[in-house]
Amino acid sequence: MTRRDARAQRDVRKEVFIEPIPELGLITMDGPTDPRPGITIDGGVISEIDGVSADDFDIIDRFLAGHGIDAGIAVEAMGIPDLDLARMLVSVDVPRADLVRLSAGLTPAKLAKVVSLLDPVEMMYALKKLRARRSPANQAHVTNRKENPALLAADAAEAAARGFAEIETTVGVARYAPFNAIAILVGSQAGRPGVLTQCAVEERRNLHLGLRGLTTYSETLSVYGTAGALIDGDDTPWSKAFLASAYASRGIKVRFTSGTGSEALMGHADGCSMLYLEARCLAMIRGAGSQGVQNGSISLVALPLALPGGSRVILAENLIAAWLGLEVASGNDAISSHSPIRKTAKLMGQLLPGTDFITSGYSVMPRYDNVFGGGNYDAEDLDEWAIIQRDWQVDGGIEPLSEDAAIEVRRRGALAIQAVFAGLGFPPITDVEVETAVTGFDSTAMPDRDRSADAAAADRAVADGVSGADVAIALSAAAFDDIAEAVLGMQRLRVSADYLQTSAIVDAAWTVRSAINEPNDYTGPGTGYRLEGDRWELLRTLPHQQDAADLAAAAGPGGVTRWDVGPAGTSSDPLDVVIAVGPGYMGILGSTIAGHGHPAVLAAISDGVTAGGGHPRFVRVLRTADLAFIGHDAAVLAGSGVAIGLQSKGTAVIHQSDLEPLDNLELFSMAPLLTLDAYYAIGENAASYALGTAPSPVPIEIDNYARAKLIVKTTLMHARESEAVTPDAEPVEFDLEFTEG
């Protein structure tokens, strides 16, 4: 295979990259036909927005003039030069409240232009300051291809136990919506009380589920930045605002959905850039009275990422949303790339500064079962997410969970939904389904259900008006009183409606945390939310982390007796080859990093020296644990001038007395790959050098991941060997007697 062919087969080459096509809206920001920022106000009435006069207003302009732009602030805000506003966004001296107030008077073109002046690091800094709620959180997706309620409940329970503040499901078959909603409601409350849930279906059905108390929030209200795209979706800004009010009036939290590139995908970009059109969406959303938005290109993320500046524009749209005072659920949900590097690079724009919901949402089930169309991150990536949080000391909203704890909470969720189905007269969930949902990897392991019977029962649930209260009663009748109380608690929250505040989440103590009672107070270093204290202790402790003491544990010498002969002198034997070990060898440590017992390694090297015609002699160097000096000290003692240096972890060197200490004849640094045969060959080669011949170097294997896998163990083993160092001590000669094996 040629170099060209090898590169062509890389996964990232499966993706399409193009140059901007502004006339189709395929340009991320600063489009050549984007309007210039401007506003005219006559008698307190907005008569011109971004170069468009009132006579030419489309439905979006009219809505913005009446509801989306505060005419009382506009003159002041629009009068601030673009660069000055951009600098205010990243200044520690300008508080969030001042910037949010000014944003109410800015036009879409002004919002887009100011943000486009920031580089990605500046955008992240501004987003950290402008996030509505002080602490970040996360949302989970829970679905499966078989729409099995036991598996849905088990996955939802695990998601809640992992700290997700919201859980969203959807359906492959629309009629299943009530069952899926009930499953994640029960599962979530089994995992942690207070988790908000939604079922992403058609808006009328979505509202009905909320009214019945089977869901607690919605984000299915999509808007677009051109009149053509809105009309194509049979929508207007007023119809969306009315629907949002319908949700809120019944205590159901709602946020809109928008995202860069949607207008270009629908063929209605009007020749404008993605960021400008998204700024129109966000101004419209704020004008509609929504507390928040799901944006970040969402399901069409691959479209802006095909263009220059794709990740940057997604970060920019999240920033504008936060600047407008909206809760931000910042995408990172749909597959953005074949490349793990690209996916993670894109994520950093939201993970490092933090958003209200970093993903919307994270697929807590395997990718196979994600019927949202594939997750950017899935169950297979949970360990990596936890480690990234630990690496950066940032709160990504997902808590580590041991496998035993996950099994326990999954069983609890599956058993609870089994009881609900029995109590409400739905088709039964078998014990086999429960156990498979608890321990199985994905829905391929789940037994098949009678889907016709399930669909018919779901229809009856709608017709009979099954509610969250009915679910709580069924749980209580089956002795799941705590989960019943949690489900009932979610109904009480709808009555109080506290979680309708911007960026609201509910913690396990039933405290609503939002931008009202937990506002973001970041104003520079030492302020705002910082991952520390108990929360840092929780996120830094990985279930699979190892005990450092175990990593450096010594193996016994195993069947060998060693005794000191005395001080190591210089030999006159021209065939004398010294085999020198470090101060901890076969003492404080007993085996190499590859697991070879120290006596076996010495035996292999000694046999190799003998087979090559040399006379092996064992010496312990006590003054240093450095391999180069162990080997060189020994070479000075060797009658042949040739020696083998050996550290306790197994790293070896063939040295010669007339070389500099940091020079050598052969170095074997890849200790994890050294076999006993390799040590034998090292001994043979050392004897050849002693005899004055030049052997072929011992073949060296390479493992590019050895450092990543073993550097901690290497460090700990070397630290233990260094503990045995006796400064200025003379080397000691020793002998071995193999008593067995």
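Assorted remarks:
- Taking each residue of the range 41-61 that is surrounded by 17 or more Cβ atoms within 10 Å (Cβ to Cβ) and looking for partners that are of a type in the set (Lys, Arg) with beta-carbon atoms closer than 8 Å, six or more apart or interchain, yields Asp50/Arg36; Asp50/Lys110; Ile60/Arg280.
- Selection from the range 513-551 of residues that are more than 25 Å from the chain's Cα centre (by Cα), among the aliphatic types (A, V, I, L, M) and either part of a helix (DSSP H, G or I) or surrounded by 16 or more Cβ atoms within 10 Å (Cβ to Cβ) (or both): Ala548, Ala549, Leu551
Here is a yes/no grid of residues against (1) in a helix (DSSP H, G or I); (2) within 23 Å of Asp507 (Cα to Cα); (3) out of contact with any Lys or Arg (no Cβ under 8 Å at 6 or more places or on another chain):
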residue: Ile388; (1), (2), (3): yes, no, yes
residue: Glu399; (1), (2), (3): no, yes, no
residue: Glu408; (1), (2), (3): yes, yes, yes
residue: Arg412; (1), (2), (3): yes, yes, yes
residue: Gln418; (1), (2), (3): yes, no, yes
residue: Ala437; (1), (2), (3): yes, no, no
residue: Arg460; (1), (2), (3): yes, no, yes
residue: Ala479; (1), (2), (3): no, no, yes
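- Filtered residue count, the range 60-87, keeping only those that are outside any loop (DSSP other than H, G, I, E, B) and under 24 Å from Trp238 (Cα atoms): 13
- Residues that are polar (S, T, N, Q) and within 17 Å of Leu627 (Cβ to Cβ), drawn from the range 709-735: Thr714, Thr715, Ser722
- The residues in the range 420-435 that are part of a helix (DSSP H, G or I) and either touching a Phe, Trp or Tyr at 6+ places or on another chain (Cβ under 9 Å) or under 30 Å from Arg131 (Cα atoms) (or both) can be counted, and the count is 2.
- Look at (1) surrounded by fewer than 15 Cβ atoms within 10 Å (Cβ to Cβ); (2) hydrophobic (A, V, I, L, M, F, W, C); (3) more than 33 Å from the chain's Cα centre (by Cα) and you find that Ala405 fails only one, number (3).
- Subset of the range 334-361 [surrounded by fewer than 24 Cβ atoms within 10 Å (Cβ to Cβ) and closer than 27 Å to Leu324 by Cβ]: Ala334, Ala345, Leu347, Met348, Leu352
- Odd one out for Gly650 among (1) in contact with a Leu (Cβ under 7 Å, 6 or more places away or on another chain); (2) touching a residue at least 60 places away in the same chain (Cβ under 8 Å); (3) crowded, with 22+ Cβ neighbours inside 10 Å; (4) in a loop (DSSP other than H, G, I, E, B): (2)
- Consider the range 242-261 and keep the residues that are of a type outside the set (Gly, Ala, Ser) and closer than 27 Å to Ser273 by Cα. The one that is surrounded by the fewest Cβ atoms within 10 Å (Cβ to Cβ) is Thr257.
- Candidates Ala690, Ala694: the one that is of a type in the set (A, V, I, L, M) and modelled with pLDDT of 95 or more is Ala690.
- The range 695-714, residues that are assigned to a loop (DSSP other than H, G, I, E, B) and among the small types (Gly, Ala, Ser): Ser696
- Counted as qualifying within the range 187-258 are no helices (runs of 4 or more DSSP H), as none has 3 or more residues that are closer than 25 Å to Glu317 by Cα, under 29 Å from the mean Cα position of the chain (by Cα) and outside the structural domain of Glu147 (by TED's automatic domain parsing).
- Residues in the range 446-455 that are surrounded by fewer than 13 Cβ atoms within 10 Å (Cβ to Cβ) and either of a type in the set (S, T, N, Q) or part of a helix (DSSP H, G or I) (or both): Ser452, Ala453.
- The range 278-292 - residue that is surrounded by fewer than 24 Cβ atoms within 10 Å (Cβ to Cβ) and out of contact with any Leu (no Cβ under 7 Å at 6 or more places or on another chain) and, of those, nearest to Gly325 (Cα to Cα): Gly289
- Counted as qualifying within the range 88-157 are the helices (runs of 4 or more DSSP H) with 3 or more residues that are touching a strand residue (DSSP E or B) at 6+ places or on another chain (Cβ under 9 Å) and at pLDDT 95 or above, namely 108-116.
- Subset of the range 672-694 (residues that are within 21 Å of Ala603 (Cβ to Cβ) and in a loop (DSSP other than H, G, I, E, B)): Leu674, Thr675
- Of all the residues in the range 158-172, those that are of a type in the set (A, V, I, L, M, F, W, C) and either part of a helix (DSSP H, G or I) or closer than 26 Å to Gly526 by Cβ (or both) number 3.
The values are calculated or read from the model by the stated rules, or taken from the named source; none is laboratory data. Note that the structure is predicted; figures quoted are calculated from it, not measured. Glycine gets a Cβ as well: all are built from the backbone with ideal geometry, and neighbour counts include every protein chain shown.
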